[in-house]
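The next block holds one structure in the form of structure tokens; read it before the comments.
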Amino acid sequence: MSNTITRTAILTLWLAVGLCRAQELPKLRLALAPTAAAAGVAAGAAEQLTAALTEAFAAQAAFALVDAAELQRALESAPADWSRKDRMRSAANRARADTVLVTGVLAVSRDGGGVELHVEGGLVDVVTGTEVGYYRNGGAGRGGTEDQQLAAAAKEAANQMAAHFTKGSRLVGRVRLMSVASRMVVILREPDASVQRGMWVYAFRDGKRLGGIELTSVTPKQLEGKVRYLAGAVTLVPGDLVVHAFTPRPLEARTPRSQRRFANVLKGVLAVGLLAAILNRDHGPGPTGSIAVDSTPRGADILLDGAATGQRTPFTLTVPVGAHVLTLRRTGYLDATLNVTVAAGQVANATAILRPGLPPPGPAPGP
């Protein structure tokens, strides 16, 4: 009897521990970019927000912050002529982050009783440069000195932002199957998963991030999505976890009104062209593979078959199967040319050591 009770207790404890572990979600490695200050905003406000964000994100379990000193060293080595977003992506990649939070203080308003900060933050995927999440909010500080008010406002704004992005940390579902050719994946949805079309989610296996997925279809029992990239895996397999759902900024919030009017006209033109293409199409797209491109030093523009891709090393390209010519270009170095043959569903590695030399004539393509 005693042995039976003991075995039952051990089994119950084992199941309880296993259940707790099963509920632990893998973390995204997060880099915090130094906060930028808009015109007319004192640098001290941005510094206060950076410090408050570090404290706020360190206190929650959804993200694992990368080392700030390592990130700063990587940031200092990034080319000065790159955009702020590209420099932060490069630095975050070197610091082995999955995502980088790019924040800014938009305005500081004061009244007789205190200070209010107006801030925004964009969560950027390090591999693709896609802004997968966005939040705009404010924080207020009352009482005390002006510095104390500013610190309180920054803390409130940072806590709200951390809480917003932490809400996205949840189990979305598990991979059911993936088509390597179309890069589409079917996900068995968790019953309580709150998701919608257009959200960006992440696939994990054994605690390691495998890739990013943009949801294209949402039903009560299953989800479908486009695999935007894979890192360290050729394909997703049944059972891979899908977690961390983020909502990108609405297109209307990113596009000036005049451009939106032009876009509406352009949509009509493109719709006619798309219909014609569908009616005249003989067959769908052929099979694809991937090329994992890297260089020493990193940060080289990637040209595929003579055309700019808009990406820099390191990056994994999805390409049609067959032979391709890669050109890696960076200012101050000679171009490196690589011939690569890609098989269906396979990843070909393409790495080059760039040699110092005169830059090629004319401007380099790419962003």
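Could you go through segment 94-112 and let me know if any residue there is among the basic types (Lys, Arg) and under 21 Å from the mean Cα position of the chain (by Cα). The answer is yes, given that some residue of segment 94-112 is among the basic types (Lys, Arg) and under 21 Å from the mean Cα position of the chain (by Cα). Evaluate the following for GLU156: is it acidic (Asp, Glu), under 19 Å from VAL102 (Cα atoms) and either assigned by TED's automatic domain parsing to the domain that holds VAL321 or free of Cβ contacts under 8 Å to residues at least 40 places away in the same chain (or both)? For GLU156, the condition - acidic (Asp, Glu), under 19 Å from VAL102 (Cα atoms) and either assigned by TED's automatic domain parsing to the domain that holds VAL321 or free of Cβ contacts under 8 Å to residues at least 40 places away in the same chain (or both) - is met. Every test in (1) closer than 23 Å to ALA46 by Cα; (2) touching a strand residue (DSSP E or B) at 6+ places or on another chain (Cβ under 8 Å); (3) not basic (Lys, Arg) is passed by VAL180 save one, and that test is (1).
Any idea which of GLN72, GLN60 is assigned by TED's automatic domain parsing to the domain that holds GLN149, closer than 28 Å to ARG170 by Cα and either at pLDDT 85 or above or assigned to a loop (DSSP other than H, G, I, E, B) (or both)? Full working, then the answer.
Details: GLN72 fails: closer than 28 Å to ARG170 by Cα.
It is GLN60.
Test ALA38 against the criterion of being under 19 Å from ASN159 (Cα atoms) and either hydrophobic (A, V, I, L, M, F, W, C) or surrounded by fewer than 22 Cβ atoms within 10 Å (Cβ to Cβ) (or both), and give yes or no. Here the answer is no, as ALA38 does not meet what is asked. Can you give me the number of residues within segment 309-358 that are of a type in the set (Lys, Arg) and either outside any strand (DSSP E or B) or touching a Lys or Arg at 6+ places or on another chain (Cβ under 7 Å) (or both)? Number satisfying all stated conditions: 2. Just one of the listed residues (GLN149, GLN196) is assigned to a helix (DSSP H, G or I) and either touching a residue at least 60 places away in the same chain (Cβ under 8 Å) or outside the structural domain of VAL321 (by TED's automatic domain parsing) (or both), namely GLN149. Only one of the listed residues (VAL115, VAL108, VAL132, VAL102) is part of a strand (DSSP E or B) and either closer than 16 Å to PRO34 by Cβ or touching a Cys at 6+ places or on another chain (Cβ under 7 Å) (or both). That residue is VAL102.
The values are calculated or read from the model by the stated rules, or taken from the named source; none is laboratory data. Computed from a prediction, not measured in an experiment: that's the story for all the values here. Here the Cβ is made from the backbone with ideal geometry for all residues, glycine too, and neighbour counts use every protein chain on show.
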